[in-house]
Amino acid sequence: MRSLGKTRWSRSVGRTVSVGLCGAALAVTALVAPGLAQAAPKAPESGSQRGGGWELKDSGTEARFRGLAAVGHDTAWVAGTKGTVLRTSDGGGSWRNVSPPGAAELEFRDIEAFDGRRAVVLAIGEGEASRVFRTTDGGATWTESFRNTDPKAFYDCMTFFDRRHGLAMSDPVDGKYRILSTADGGRSWTVLPGEGMPAAQEGESGFAASGQCLVSSGSRDVWLATGGAARARILHSADRGRTWTATDAPIPAGDPARGVFGLAFRDRTHGIAVGGDYRADQPSSKAAATTGDGGRTWTTATEPPPAYRSGVAWLPGSRRGALAVGPTGTDVTSDGGRSWRTVDAGSYDTVDCTRGRTCWASGEKGRVARWERDQRPSGAHRRA
């Protein structure tokens, strides 16, 4: 987000808190069972809860990781400040620094990985600071496949529909968001025509906070989250970014620090939006919203997260469970995003879950974590 630049960026509830990432469902309902949630006055720091929760993994660095790609239970990539890219293949027990050479001055904010060898990473910033790098050998070598030459463009996020087709988005240029497209896995990129993009509001842009301001589901649908203007909006395209429609989102707006920061769709109709005001001294009373019609309409969560959240992910195998993260904690929902409960007080910027039923989170001061669980208590498992 150009207006933010680089410097402004930016208890467990008893024994039943085991959100078991097991089978086709997760025991998220146990986290919000009546009475149990009230028994815990304070959420714990990461790794301290009984039954299950985030387990911090020593990344060996102080970089802030807003880019995260969860490949599986053992494999994940993170990307962040000072051009840092790390990869693990042993569940976070060790991390290999696979940063692109000469990238120390860049700010990586998004990474998309297809497996343990192939990944695409996005650097943000004005003009040539916005770049895309690609690796096919686990980060041993990188190729710079895009460098922005327009001083008015500032790229924030990217997403892939499959291993070949993907998009990246820039803050508005000449009054419209700019969309970059690839059809060869990130080897080459083309700016899409802007005729199908609605006009941006004054001061509107995207937030490069979690790599989730541009997300996709299926082979053609993609959504773009905005903020910084009078109204927070979510734009949708059903043709891989060529034409778009815009819908107002009921998340705090009206200030450069407010808007929708992260999106997650479990299919082409059901989505969750999170955000608020990222300033620590400002409240975010409506930090989450949901849609059941592909983003045509959005409804404010009846019990939203208690503060600003920048990242969100659907729990694998669940139709109603999801996690939201931010600097002040992690929240879980078991009803598709209508109500949320805080289950961890650790600071994270982004979260990602895999089809292999594993979730990862990352954030400031080198924080990376994987959701770990103990043996699930009897009766805590139920299909979500």
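Based on what the data block shows, is residue 168 under 17 Å from residue 237 (Cβ atoms), surrounded by fewer than 16 Cβ atoms within 10 Å (Cβ to Cβ) and out of contact with any Gly (no Cβ under 8 Å at 6 or more places or on another chain)?
Numbers: under 17 Å from residue 237 (Cβ atoms): yes; surrounded by fewer than 16 Cβ atoms within 10 Å (Cβ to Cβ): no; out of contact with any Gly (no Cβ under 8 Å at 6 or more places or on another chain): yes.
No: the conditions fail for residue 168.
Within the bounds of the range 318-331, is there any residue that is over 22 Å from residue 65 (Cα atoms), modelled with pLDDT under 95, surrounded by fewer than 20 Cβ atoms within 10 Å (Cβ to Cβ) and not hydroxyl-bearing (Ser, Thr, Tyr)?
yes
Would you check which residues across the range 225-251 are assigned to a strand (DSSP E or B) and within 18 Å of the chain's Cα centre (by Cα) and list them?
Step one: of the range 225-251, the residues assigned to a strand (DSSP E or B) are 225, 227, 233-237, 245-248.
Result: 225, 227, 233, 234, 235, 236.
Results for (1) among the acidic types (Asp, Glu); (2) assigned to a loop (DSSP other than H, G, I, E, B); (3) within 18 Å of residue 213 (Cα to Cα), shown as yes or no for each residue.
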| position | (1), (2), (3) |
| --- | --- |
| 274 | no, no, yes |
| 281 | yes, yes, no |
| 290 | no, no, yes |
| 297 | no, yes, yes |
| 309 | no, yes, yes |
| 312 | no, no, yes |
| 319 | no, yes, no |
| 330 | no, no, no |
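Could you tell me whether any residue of the range 340-352 is touching a strand residue (DSSP E or B) at 6+ places or on another chain (Cβ under 9 Å), more than 20 Å from residue 56 (Cα to Cα) and surrounded by fewer than 24 Cβ atoms within 10 Å (Cβ to Cβ)?
Step one: filter the range 340-352 for residues touching a strand residue (DSSP E or B) at 6+ places or on another chain (Cβ under 9 Å), giving 340-352.
When the remaining residues are screened for being more than 20 Å from residue 56 (Cα to Cα), the result is 340-341.
From what is left, the residues that are surrounded by fewer than 24 Cβ atoms within 10 Å (Cβ to Cβ) are 341.
Yes, that holds for at least one residue.
Does the range 132-148 contain any residue that is within 22 Å of the chain's Cα centre (by Cα), under 17 Å from residue 205 (Cβ atoms) and at pLDDT 95 or above?
no
Can you pull out the residues in the range 85-102 that are in contact with a strand residue (DSSP E or B) (Cβ under 7 Å, 6 or more places away or on another chain) and outside any strand (DSSP E or B)? Steps first, please.
Step one: list which residues in the range 85-102 are in contact with a strand residue (DSSP E or B) (Cβ under 7 Å, 6 or more places away or on another chain), which gives 85-88, 91-92, 94-100.
91, 92, 94, 95, 98, 99, 100, listed by residue number.
The values are calculated or read from the model by the stated rules, or taken from the named source; none is laboratory data. Keep in mind that this is a model prediction, so the values were computed, not measured. As a convention, Cβ positions derive from the backbone with ideal geometry for all residues, glycine included, and neighbour counts pool all protein chains shown.
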